[in-house]
Amino acid sequence: MKVQSTIRPGALSLIFAGVALGLGTHGVHSQGYPVKPIRIVVPASPATAPDTMTRTVAQEASARLGQSVVIENVPGAGGNIATVNVARAAPDGYTLLMQLSSFRVNPSIYKNAGYDPIKQFDAVIQSAWTVTFLGISTNGTEGVNTVKDLIAFAKARQAS
């Protein structure tokens, strides 16, 4: 029985080259993570709830990873300044963002928030759970008690 090779000429040399390269890197090991300080950008001022929470997480992360974790407070523009800063950073895992609720909301409010929360970010941990609510300040005479009432109230005001 004759065995016919299905490997094209030239392909065999590529296979051997690949094997040789693989054997040549046998002793090379990649460095572990992290090998340099980690930066966490907080879109809020120092001494606020997001900052305090981030510092608590950073302290624990630093102890567990054996590497410095630096907090950078970048308040302003509803969190957009900090978020765009992180979106433009090298995607190497050394620049993290402490997200606020505005992270998910801003792209739907602003024509160009400057970042895409789905394409440019990956969730790492959930450090807190917050409740978001909708409120309106009235003097009690508008009859706004539900979201449906609020929408009707806003539409009536918009028409006038």
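The values are calculated or read from the model by the stated rules, or taken from the named source; none is laboratory data. Everything quoted here is computed from the prediction, not taken from an experiment. All Cβ positions, even for glycine, are placed from backbone atoms using ideal geometry, and neighbour counts span all protein chains on display.
Kindly establish whether I151 is within 30 Å of Q31 (Cβ to Cβ) and not assigned by TED's automatic domain parsing to the domain that holds S62. Taking the combined requirement at face value, the residue does not satisfy it. Take F103 and decide whether it is of a type in the set (A, V, I, L, M, F, W, C) and not assigned by TED's automatic domain parsing to the domain that holds S45. No; evaluated as a whole, the condition is false for this residue. Among residues of region 12-61 being loosely packed, with under 10 Cβ neighbours inside 10 Å and modelled with pLDDT of 95 or more, the one that is farthest from S101 (Cα to Cα) is V35.
Per the conditions (1) part of a loop (DSSP other than H, G, I, E, B); (2) of a type in the set (G, A, S); (3) within 16 Å of the chain's Cα centre (by Cα), the sole criterion not satisfied by G78 is (1).
Given the structure, is R64 modelled with pLDDT of 85 or more, closer than 25 Å to A47 by Cα and among the basic types (K, R)? Answer is yes for this residue. Considered as a group, the residues in region 95-145 that are polar (S, T, N, Q), in contact with a helix residue (DSSP H, G or I) (Cβ under 6 Å, 6 or more places away or on another chain) and assigned to a loop (DSSP other than H, G, I, E, B) include one that is surrounded by the fewest Cβ atoms within 10 Å (Cβ to Cβ), and that residue is S127.
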